[in-house]
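Below you'll find the structure, written out as structure tokens, and then a few comments.
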Amino acid sequence: MPTLINKPTDCQFLKKVENTILFYNMVQSQDTILIAVSGGPDSVALLYALHHLSSCLSLKLGVAHVNHQLRAEDAEMDEQFVQSLAQQMDVPFHLKKCDVHHYAKTNRLSLEDAARKVRYDFFSNTLQKNEYLRVATAHHLDDNAELILMNLIRGSGKSGISGIPPIRQKIIIRPLIQVSRKEIMTFLSENKLPYRLDQTNQDISFTRNRIRHRLIPELQSSYNPKIIEALNRMSSIIQQEEEWIENMVDHETSRLIVSSKDQSIQISISGFIEKPMPLQRRIARKITQKAKGNLQKITLRHIDEILLLISKAIGNSQLHLPDNLLVNISGNLACWSIRKRVARPPKDDQKKPTDLIFCYTISDLDGSPKTIMIHEIGVKIQFSILSRIHVFELDQQQKNVALMDMNQIHFPLTIRNCIPGDRFTPLGMTGSQKISKYFINHKVPRKDRTEKPLLLCENRIIWLAGYQIDNSMKITPATNMILKTELFLA
């Protein structure tokens with residue numbers, strides 16, 4: 001195994017890593033650290049640095065590697081390379097093999113999000129099973145600058161441009177967060193340390209890579225040669241401010257909560273509306289995260305819809321949010337809760353056998369268009385999945401065409417006629433409405449109503465064919481894939 005050579009450059013790099021660990025109090029003596037190693041230059045530098053520092057910091061190490069099975073033989077060679085490093089250093093090696101492409105498709109995630117979830121789930125499980133206390137990842141100054149720019153371009157709030165924290169949840173540590181990519185490459189080069197290169201990091205079809213290879217070099221050459229240092233300096237300031245603000249938000253939120261149990265949280269409306277708008281947003285976001293368990297699919301628009309609902313505080317009004325989250329107003333209370341069912345169909349004992357005239361199931365689309373013939377009423381419905389970039393007109397100008405956020409769709413889907421008690425939330429509304437009431441408002445003759453197909457997802461009506469989609473299915477800035485449905489005469 002290559003050994004570290006005591007050159008001034010090496011000493012400076014290792015000292016910088018050690019100072020970062022000590023400054024942020026990342027570890028304690030006798031801690032067991034699981035090091036995430038992909039085989040690339042950053043993670044290899046992290047592995048050698050921590051291995052070199054382990055004796056003076058009294059650390060016990062382990063290596064974790066995820067084979068995403070995305071690059072065929074290259075992925076296998078990465079795995080073998082990292083396993084070899086672990087063996088040479090005489091540290092435990094933990095491996096996870098996962099077909100991330102299949103996982104992303106099954107869970108309707110982007111490839112990047114799927115890979116990240118697989119990695120961190122693996123790290124979490126390995127920590128629990130093997131009694132590691134921390135996970136060390138190889139994020140560095142350049143990674144932080146790239147993330148800040150990416151979030152800034154996406155229109156993220158202050159927390160998004162605070163960048164990568166040196167420590168997250170007291171478990172994930174980033175010992176390289178104060179060193180640059182250039183310093184890492186110099187360290188590896190001067191010590192003749194081997195590493196693997198992932199060619200997908202050069203693929204500019206990924207936003208992160210375009211920022212790394214195009215935007216940052218342009219900013220450095222035309223605006224500020226020290227743009228990475230400037231972004232990291234801003235990140236450090238914002239992180240400190242965010243920590244202070246979050247402590248205040250936690251305090252204010254706890255004072256407003258009336259009850260909290262089983263993914264259901266109630267707060268006092270009168271106390272909430274007294275707060276300034278920025279604090280209201282923070283509190284609404286905090287409670288949404290507590291009730292839902294995460295903030296996936298939740299955007300600023302959703303948070304502002306919550307604020308609008310609470311400010312009106314009318315009767316028993318409701319707001320349907322992604323992943324079956326409901327915000328309900330009742331008196332002086334606003335309640336966040338997770339519902340197993342969003343719609344309120346009639347109970348089985350209330351349905352007559354004659355209620356269902358037709359019922360069809362769509363198990364999956366398999367990426368190709370599909371047409372369902374509904375012979376009972378002489379119509380057909382065509383389904384297709386489109387990329388957001390291929391859809392130029394996102395409004396619902398054609399009544400027989402519906403465009404829905406694919407991220408909200410979960411198969412199987414059901415097509416059936418309406419039955420008594422059916423409800424949905426028409427696009428643009430916050431409260432649910434009976435289908436029968438919708439038909440009355442739109443002057444649909446009673447004799448024609450049973451011939452209007454409904455599309456359901458998880459027992460929830462998401463499209464009244466020929467009329468309107470459910471509000472939860474609307475296209476948002478975060479939508480990347482779209483389900484297009486079209487109603488035709490057969």
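The values are calculated or read from the model by the stated rules, or taken from the named source; none is laboratory data. Keep in mind that this is a model prediction, so the values were computed, not measured. Glycine also receives a Cβ, built like all others from the backbone with ideal geometry; neighbour counts cover every protein chain displayed.
Just one of the listed residues (259, 268) is over 30 Å from residue 110 (Cα atoms), touching a residue at least 60 places away in the same chain (Cβ under 8 Å) and among the hydroxyl-bearing types (Ser, Thr, Tyr), and it is 268. Of the helices (runs of 4 or more DSSP H) lying entirely inside segment 58-132, those containing at least 1 residues that are in the same structural domain as residue 204 (by TED's automatic domain parsing) and within 16 Å of residue 40 (Cα to Cα) are 72-89, 111-130. A Cβ distance below 8 Å, combined with a sequence gap of six or more or placement on separate chains, defines the contacts here; from segment 174-194, residues that are in the same structural domain as residue 162 (by TED's automatic domain parsing) reach residues that are basic (Lys, Arg) in the pairs 178/16; 179/16; 183/16; 190/7; 191/7.
Can residue 441 be described as of a type in the set (S, T, N, Q) and in contact with a Pro (Cβ under 8 Å, 6 or more places away or on another chain)? Here the answer is no, as residue 441 does not meet what is asked. Inspect segment 373-392 for any residue being assigned by TED's automatic domain parsing to the domain that holds residue 462, at pLDDT below 75, within 11 Å of residue 484 (Cβ to Cβ) and assigned to a loop (DSSP other than H, G, I, E, B) and give the result as yes or no. Yes, segment 373-392 has at least one match.
Within segment 443-468, residues that are more than 16 Å from residue 485 (Cα to Cα) sit with their Cβ atoms under 6 Å from residues that are at pLDDT 90 or above and not aliphatic (A, V, I, L, M), at 6+ positions apart or across chains, in these pairs: 449/439; 450/417. Answer yes or no as to whether residue 415 is buried (at least 16 other Cβ atoms within 10 Å of the Cβ), in a strand (DSSP E or B) and β-branched (Val, Ile, Thr). Yes; evaluated as a whole, the condition is true for this residue. Look at (1) in contact with a helix residue (DSSP H, G or I) (Cβ under 6 Å, 6 or more places away or on another chain); (2) more than 16 Å from residue 337 (Cα to Cα); (3) basic (Lys, Arg) and you find that residue 286 fails only one, number (2).
Could you check segment 231-336 for helices (runs of 4 or more DSSP H) lying wholly inside it with 1 or more residues that are among the charged types (D, E, K, R) and under 30 Å from residue 462 (Cα atoms)?
On the way: elements: 269-273, 277-292, 300-312.
It comes to 277-292, 300-312.
For segment 393-438, filtered to residues that are among the charged types (D, E, K, R) and out of contact with any strand residue (DSSP E or B) (no Cβ under 8 Å at 6 or more places or on another chain), the residue that is modelled with the highest pLDDT is 437.
It is to be established whether one or more residues within segment 209-230 are closer than 30 Å to residue 283 by Cα and either in contact with a Cys (Cβ under 7 Å, 6 or more places away or on another chain) or crowded, with 16+ Cβ neighbours inside 10 Å (or both).
In the first step, residues of segment 209-230 are kept if they are closer than 30 Å to residue 283 by Cα; the result is none.
Checking segment 209-230: not a single residue is closer than 30 Å to residue 283 by Cα and either in contact with a Cys (Cβ under 7 Å, 6 or more places away or on another chain) or crowded, with 16+ Cβ neighbours inside 10 Å (or both).
Note on segment 42-81: residues that are in contact (Cβ under 8 Å) with a residue 60 or more places away in the chain and closer than 28 Å to residue 15 by Cα total 11.
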